[in-house]
Amino acid sequence: MNNILVVNVNWLGDAVFSTPVFRALKKAYPQARISCLCAPRVKEVLEYCPYVDKIITYDEQKKHRLPWKKWKLIQHLRNEKFDAAFLLHRSMTRALIVYLAGIPLRIGYSKAKALLTHPVTMNAEDIHRCDHYLKVLEDYGIKIDDRLCELRLKIEDMESVDKKLSKAGVGPTENYVVLNTGGNWDLKKWSADSFAILAKRLDQEFNLKVVLPGADKDRESCQRIAQLADIKAVVLAGETTLGESLALYKRAAAVISGDSGPLHLAHSVGANVIGIFGPTRPEITGPRGSGRVQILFNDVGCNKAPCYHLSCTNNVCMQSVTVDDVCQAFKKIRD
């Protein structure tokens, strides 16, 4: 097997969870070229996976929305002459694409098993996402030796973030903590008030600088948290690239976050992390990198997690984690 396609998942955290798949394939087939078909939103993440040789984007919402655009993508895949495709996504459309592309071996999950040469049975819902993706390889007979997520930093990103931190008043040897206050849905977010109290305690009790990164849309909420904390926090929301964010996480004393992409990105580069979980369960989507980790999760009994009750007006599961809990977790990480 010399030319392999992996059909990836759609979300940032799940893309991180898929990195052990690429490492296992590269170990099993060291001479093979490993390509990945993925959504545009995760392309940049996979560019930091050292085991991916080529990335092909599938933009089903825009670029490839129309049927003839999908056909053009199929023709492109056909010209690549892949020997095998491993489908981590159970989408029928993706299975049909690799089928029509004439890829002889098609292994993985799909709602349309007839489109696959080696359909994989879906496993229990309480399995970790990494293990869920690795099962595709295991069912084909590929041995898995390492289940850790891995992204690799680039020197230029490390140098660039050092300059930005220095400009913001954080010296090259100065310790800081990153607070990731965002999230892809509100129920997974810890409250702004809790983050503000935590930031103040990190500043006053631990003598640590607090850095608030995030996307451009997070800038206003990060500034509000810094104002509530009444400290000289460094707000970098909207000012760092993905690579710079990875470098920022790696250099931090700890990254504190809800169950979101940045938590998994941080742990994948070996950063120490504290994960605050509520409506999701750490045994399913907990960090799987190489840094130290502390997980804070209270089963409050209102619903079986993971829950997707997006209309919930009282995410007591997240509120049950206190600032004291996080400070105690940080002491364990630090020691």
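The values are calculated or read from the model by the stated rules, or taken from the named source; none is laboratory data. No experiment lies behind these values; they were computed from the predicted model shown. Cβ placement follows ideal geometry from the backbone for every residue including glycine, while neighbour counts extend to all protein chains displayed. SASA here: full protein model, heavy atoms, side chains in, ligands and nucleic acids out. Shrake-Rupley method; radii C 1.70, N 1.55, O 1.52, S 1.80 Å.
Taken over the stretch 17-48, the criterion of being more than 19 Å from the chain's Cα centre (by Cα) and assigned to a loop (DSSP other than H, G, I, E, B) is satisfied by 29, 30, 31, 32.
Scanning the stretch 218-226 for any residue that is free of Cβ contacts under 8 Å to residues at least 40 places away in the same chain, touching a Gly at 6+ places or on another chain (Cβ under 9 Å) and under 21 Å from residue 278 (Cβ atoms) turns up at least one such residue. Report yes if some residue within the stretch 192-208 is out of contact with any Cys (no Cβ under 6 Å at 6 or more places or on another chain), under 27 Å from residue 49 (Cβ atoms) and open to solvent by less than 10 Å² (accessible area, probe 1.4 Å); otherwise report no. Checking the stretch 192-208: not a single residue is out of contact with any Cys (no Cβ under 6 Å at 6 or more places or on another chain), under 27 Å from residue 49 (Cβ atoms) and open to solvent by less than 10 Å² (accessible area, probe 1.4 Å). Would you please name the residue that is most open to solvent (accessible area, probe 1.4 Å), looking only at residues in the stretch 227-247 that are in contact (Cβ under 8 Å) with a residue 60 or more places away in the chain and more than 21 Å from residue 151 (Cβ to Cβ)? By that ranking, first place goes to 232.
One line per residue, one yes/no per condition, for (1) out of contact with any helix residue (DSSP H, G or I) (no Cβ under 7 Å at 6 or more places or on another chain); (2) modelled with pLDDT under 95; (3) exposed (fewer than 15 other Cβ atoms within 10 Å of the Cβ); (4) within 20 Å of residue 53 (Cβ to Cβ):
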| residue | (1), (2), (3), (4) |
| --- | --- |
| 82 | yes, no, no, yes |
| 99 | no, no, no, no |
| 114 | yes, yes, yes, no |
| 121 | yes, yes, yes, no |
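Looking across the stretch 1-42 at every residue that is surrounded by fewer than 17 Cβ atoms within 10 Å (Cβ to Cβ) and charged (D, E, K, R), the one that is nearest to residue 116 (Cα to Cα) is identified as 33.
Of the residues making up the stretch 212-225, not a single one is surrounded by fewer than 24 Cβ atoms within 10 Å (Cβ to Cβ) and in contact with a Leu (Cβ under 6 Å, 6 or more places away or on another chain). Filtering 63, 54 for residues that are at pLDDT 95 or above, open to solvent by 50 Å² or more (accessible area, probe 1.4 Å) and either under 19 Å from residue 16 (Cβ atoms) or touching a Ser or Thr at 6+ places or on another chain (Cβ under 9 Å) (or both) leaves a single hit, 54. Annotation note: of 282, 287, the sole residue that is at pLDDT below 95 and under 21 Å from residue 195 (Cα atoms) is 282.
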